[in-house]
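First the structure, in the form of structure tokens, and then the observations on it.
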Amino acid sequence: MSQVEIKDFEESQMDELLALLTKWSPDHPELGEGDIVKWQKCYRFVAMHEGKIVGYIGQIAHDFKYGKKSGKEGVEHLGWGVTLVLDMSDSKIRKQAGRELLGRCENNPPLQYSAVGVVPAIEEPYKRRGHVVRRDCSKMYARFLNPAKALKYMDKPSIYAPVMKLANVFCPKQKDVNREKVERIKEFKPDWDEKWDKLMYEQYEIYGIRNAEFLNYKLTQPNRDYHVYIHSDDGYIIFRHAIHRTRDLNLVKVCDLVGTEEAKVDLVSLAVDFADEVKAYGVVALGSFDEEKTYKKAGMCISKPYPITMRPHITAKMHISFFESDLDNLW
């Protein structure tokens with residue numbers, strides 16, 4: 001059997017790539033339309049076998065800064081692995097393509113390979129490749145307004161739905177949103193960059209850098225309607241109504257959140273109110289372990305650890321949101 005070869009993606013291969021994504025990633029048909037793929041600023045690698053694309057991966061560069069709680073200074077240049085799609089028609093070729101594509105991302109200096117949301121089936125292979133899977137950094141937080149439907153999102157059986165309903169009763173929002181303190185905006189100003197960095201530096205051990213360039217680029221993501229609010233007590237939130245096109249899922253996703261404690265509670269409560277208004281099945285967010293009380297105050301009392309794969313030399317607890325590694329792309 002001839003070997004799989006990893007090459008840099010060329011724009012002339014776009015039609016063939018989109019055909020691969022359409023066929024072998026049926027849960028995410030928007031990838032095959034190409035708008036999101038073309039929008040991504042990332043390294044792109046393809047696995048070739050006998051002149052045919054049999055695999056694809058993107059790697060997005062993003063600098064992470066050490067915060068005050070880490071006791072360290074400096075920046076880590078991370079490269080998030082995203083949109084790994086493989087031709088599944090031949091298991092030997094699939095396995096080789098997957099290994100080689102990950103290997104290419106692992107050896108793409110100066111980037112340090114990282115990934116999020118690692119499923120149990122691939123956790124051991126990651127460990128064998130020298131990565132560390134951390135479950136002490138990030139949590140997914142949720143409030144389920146339609147528990148039976150929203151439980152699908154967290155791969156939990158609907159039998160838990162009555163428990164989720166009780167959780168809503170015993171974990172209400174602790175206060176109404178002070179609407180006079182929030183303002184909807186369309187874009188971020190560079191003048192605010194220092195404010196966001198100071199807030200994150202004080203709160204997290206290591207975090208993805210936030211500035212107007214990064215945030216405004218994210219807001220240009222195709223076919224997305226983002227709700228962006230700033231808070232007068234220093235903070236912002238970005239959320240959207242996400243409707244899965246091939247599965248019966250309808251959620252509000254908190255894509256990014258930065259702020260003081262008071263501001264974050266107000267802003268998350270705003271997203272919860274919005275979810276109720278649009279009759280979403282629930283609202284979900286990614287945040288740090290230390291933010292559990294914040295989300296509970298806003299009525300989001302369901303949580304579970306969210307695994308992050310990173311290189312072993314990074315021992316600080318990493319803060320991520322859905323805007324990290326373009327996780328928010330897929331639906």
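The values are calculated or read from the model by the stated rules, or taken from the named source; none is laboratory data. This one's a predicted model, so the numbers in the text were calculated from it and none came from an experiment. Heads up, the Cβs are rebuilt from the backbone with ideal geometry, glycines too, and the neighbour counts pull from every protein chain shown.
Structural remarks
- Looking only at region 225-248, residues that are of a type in the set (D, E, K, R) and either within 18 Å of residue 322 (Cα to Cα) or not assigned by TED's automatic domain parsing to the domain that holds residue 263 (or both) come to 2 in all.
- Test: residue in region 275-285 that is out of contact with any strand residue (DSSP E or B) (no Cβ under 7 Å at 6 or more places or on another chain) and in a helix (DSSP H, G or I): yes
- Only a single item in (1) exposed (fewer than 15 other Cβ atoms within 10 Å of the Cβ); (2) in a strand (DSSP E or B) is not met by residue 26, and it is number (2).
- Selection count where residues are assigned to a loop (DSSP other than H, G, I, E, B) and either surrounded by 13 or more Cβ atoms within 10 Å (Cβ to Cβ) or at positive phi (or both), scope region 2-23: 2
- Looking at 79, 130, just one residue is out of contact with any His (no Cβ under 7 Å at 6 or more places or on another chain), under 24 Å from residue 9 (Cα atoms) and not β-branched (Val, Ile, Thr), and that residue is 79.
- Within region 222-253, being among the hydrophobic types (A, V, I, L, M, F, W, C) and either free of Cβ contacts under 8 Å to residues at least 60 places away in the same chain or touching a Leu at 6+ places or on another chain (Cβ under 8 Å) (or both) holds for 228, 230, 237, 238, 239, 242, 243, 252.
- Scanning region 29-41 for residues that are in contact (Cβ under 8 Å) with a residue 60 or more places away in the chain and part of a loop (DSSP other than H, G, I, E, B) turns up 29, 40, 41.
- Yes/no for residue 215 being under 16 Å from residue 238 (Cβ atoms), in contact with a Ser or Thr (Cβ under 8 Å, 6 or more places away or on another chain) and outside any loop (DSSP other than H, G, I, E, B): no
- For region 297-324, the set of residues classified as assigned to a loop (DSSP other than H, G, I, E, B), surrounded by fewer than 21 Cβ atoms within 10 Å (Cβ to Cβ) and among the polar types (S, T, N, Q) consists of 315 only.
- Given (1) in contact with a helix residue (DSSP H, G or I) (Cβ under 9 Å, 6 or more places away or on another chain); (2) within 22 Å of residue 4 (Cα to Cα); (3) buried (at least 22 other Cβ atoms within 10 Å of the Cβ), number of the condition residue 93 does not satisfy: (1)
- Count - residues of region 240-273 that are under 19 Å from residue 193 (Cα atoms) and β-branched (Val, Ile, Thr): 2
Yes/no per residue for (1) among the aliphatic types (A, V, I, L, M); (2) outside any strand (DSSP E or B):
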| position | (1), (2) |
| --- | --- |
| 114 | no, no |
| 130 | no, yes |
| 138 | no, no |
| 156 | no, yes |
| 167 | yes, yes |
| 175 | no, yes |
| 188 | no, yes |
| 196 | no, yes |
| 207 | no, no |
